[in-house]
Amino acid sequence: MNRALTAFLIALLLSVAHAAVPVIEIYPKQAAPGGLIQVKIDSQSDETCTGTTSSLSVWIGSHTYQAACEDHDNYWFLIVALPEDPLRLPQMGPQVLNVMRAGERPGRPAPLERNIQIMDRVTGVLSVQTSGTSTGDGHPVNPQKLSTLFNRSVRQTDSVAVTRARNAVVQALNGEGATLDDAVDLPGSVGICGSTIYRSQLNSAVLQRQVGILIQQADLIADEAQIMVAPDTARQPPSDSNYWSDTPPDLLNGYAWNAIRLNSLNDAGQNPVTVHLIDTFDPQLSPPDPFTTQLTFKGRTFESTGHGSRVAELIRHVAPTAHMTFTQACNGDGVCSLSAVMRGLCLASAEALVNTHSVIVHLSLATPYDHPILHGGVSAAAMSGAALVFAYGNSDRCLGRAGGPLDYCNAYPADWSGDAWGGTWSGGTWSGGMAYSVGASQQTNPTPQTFQRGQHRWTWDVSASTGNKVAVRTQSAMPVATQPSLSAPGFFFLPLTDQGTPASDAKPYWGTSFAAPLVTGALVRWVQAGHAGWPKPSALRCGDLRLDLRSISGSCWRQTTHR
């Protein structure tokens, strides 16, 4: 009994000794490379704090940083400048910040404990305004003069370093450090739709480093949904990956169609449904799809062309009679204009409100940030009753990161797919909008593909000693914030013939970007089969986690065990 009690007390003491120092406040809550972060904590009697150093360290994800320290009456300020070297930065997106004593490291955080957002280098900001011209307290906000955000002080006390940084931000803004690029009127009337998005270019290195202070100031003085400032950095999930497949192209495609039981489905019905594809493709523009990237397959590097056009091709192969509309929101490098993405979401929202037919929005794109403006657009489409299909994201997003329990590899909007958007369940279907995230499975079984976000990543090499082909792990698995709603095959040779076999000029395409279109096509089929409302993800599967189109007709085969 005494031994047990002693062990318990030792464990308790160890747990206390390794507990993080409680954080009172983090300012700003977003930070870019080179930007300052100010952490307010209670004064610590057993630690040291001088103007240049502290015995405490600041952890962001799995990275640790030494902090300067300012000693005030009852509290301390720890000040960290994020490095500009990408290899020393934490994983982009939401992260957890901890303050630890010397020799200690934080434990595994809960998902909701992530309290700071790490940004990439940001050169532009977006501000969103409703029809009003001022914030709730009467202070005008002029998108052409972002310095008006600093007309009124909203900080009681700041560290010397942050005070200097705030002053430098105001000086840069007054010196034309930001210029208005464009304004986009969002169509519709639900949520953020109906507002105007202003995009301002940050022309000053000071603003690019300290953009977190600019964003935080807007959050502090403005009412909800009247002005938001955020980086314009939505981007395609990368598809570049060294992946080996010895399967002939026609068999590889055939395995995919057999896996989802495409050939066992009856002809589609006539119920109208529209797919809004927001991607790199619009057949009315020239060029219709400017996206190009370099891919390596079986040791050969070649140029792969098209992204949204290939997504559209896969949707139409599963649902040939789908009516499709297009928003070319992303350029030839795969960098997406968030303003254009938002316009596409709001167009879909406005159409879904008409209620004459069902609307599906397809997004094979993602951003690492928990982006409030993008969330507003997704929310508007969902609240209007549309279904939204998101690619889950690829492992490329995790490259060069430390990994471990303090980081995860995130991708939005896929990581919002579990959110409740309004509506009710009735008879197994959802009356409001529904969001689905789609992972990539192997063609011949439901195991996730190695290029899927969060998975180990492998390539093939030749052993120097034996000359045999061996698998080499090139990236360890990263923890992820969420799991896909369901999976679908994600490796194809495209373009396709009418029979779904590779055309003579077909090239390999892989990634969750190309798994998601199969689910969008399945949802078209779901509506055309006469189902009311949107299905739970489980209603699109037959016994495992992968899409199975037989579920639409209720003809799933299930093995029974006789006793």
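For the reader, a short list of remarks on this structure follows.
- 3J(HN,Hα) from dihedral phi, the stretch 35-40, Karplus parametrisation 6.51/-1.76/1.60, rounded to Hz, x for glycine, proline: x, 8, 10, 10, 10, 9
- The string of couplings for the stretch 44-58 from the Karplus curve (6.51, -1.76, 1.60, θ = phi - 60°) is 10, 5, 9, 10, 10, 8, 10, x, 10, 8, 8, 7, 8, 10, 9 Hz, one whole number per residue in order, with x for Gly and Pro.
- Remark: the residue 246-residue 112 segment gains 43.9 nm on full extension, using 0.36 nm per residue and subtracting the alpha carbon distance.
- Two-site label geometry, residue 286 and residue 130: point separation in nm, points 7 Å out along Cα→Cβ: 4.4 nm
- Correct choice for Cα extents along the principal axes in Å that was computed from the model, options (i) 91, 61, 46; (ii) 75, 67, 50; (iii) 89, 64, 38: (ii)
- Normalised by the number of residues in the chain, the average gap of Cα pairs under 8 Å and 6 or more apart makes the relative contact order 14 percent.
- For the stretch 66-103 versus the stretch 112-127, the spacing of their alpha-carbon centroids is 16 Å.
- Less than 5 angstrom separates the built amide H of residue 441 from those of 449, 488, 490, all sequence-distant by 5 or more or on a different chain.
- Residue-normalised accessible area of the chain, given per residue in Å² at a 1.4 Å probe: 43 Å²
- Given +1 at the Cβ of Lys and Arg, -1 at the Cβ of Asp and Glu and no other charges, the dipole of the chain around its Cα centre is 1380 debye to the nearest 20.
- Whole-Hz couplings from phi, Karplus 6.51/-1.76/1.60, listed for the stretch 437-443; x for Gly and Pro: 10, 10, x, 10, 10, 5, 4
- Think of the stretch 277-336 as having a plus end and a minus end, set by charges on the Cβ of Lys, Arg, Asp and Glu; of 295, 311, 321, 295 sits farthest toward the positive end of this dipole.
- Dipole of the chain computed with +1 at Lys/Arg Cβ and -1 at Asp/Glu Cβ about the Cα centre; of 357, 103, 257, farthest Cα towards the positive end is 257.
- Per-residue [θ]222 nm for the chain (sum of -39500 (n - 2.57) over DSSP H runs n ≥ 4, rounded to 500): -6500 deg cm²/dmol
- DSSP-defined beta bridges in the stretch 29-139 - what % are antiparallel, rounded to 5: 90 percent
- Under 23 Å from the Cα of residue 298 - lysines, other chains or at least 8 residues apart: 469, 507
- In straight-distance terms, cross-link reach from residue 40 covers every one of the lysines whose alpha-carbon lies under 20 Å from its own, apart from those fewer than eight places away in the same chain; here that gives 29.
- Kyte-Doolittle at least -0.5, axis length at least 24 Å by Cα - qualifying DSSP helices, the chain: 338-354, 512-528
- The stretch 460-494 and the stretch 296-317: distance between their alpha carbon centers, rounded to Å: 18 Å
- Considering only beta bridges that DSSP places wholly inside the chain, some 75 percent are antiparallel.
- For the stretch 245-358: rounded, prolate or oblate by the Cα gyration tensor [a/c cutoff 1.5]: oblate
The values are calculated or read from the model by the stated rules, or taken from the named source; none is laboratory data. No experiment lies behind these values; they were computed from the predicted model shown. All Cβ positions, even for glycine, are placed from backbone atoms using ideal geometry, and neighbour counts span all protein chains on display. For the accessible areas, the whole protein counts, side chains as well, though only heavy atoms, and no ligand, DNA or RNA atoms are used. Shrake-Rupley method; radii C 1.70, N 1.55, O 1.52, S 1.80 Å.
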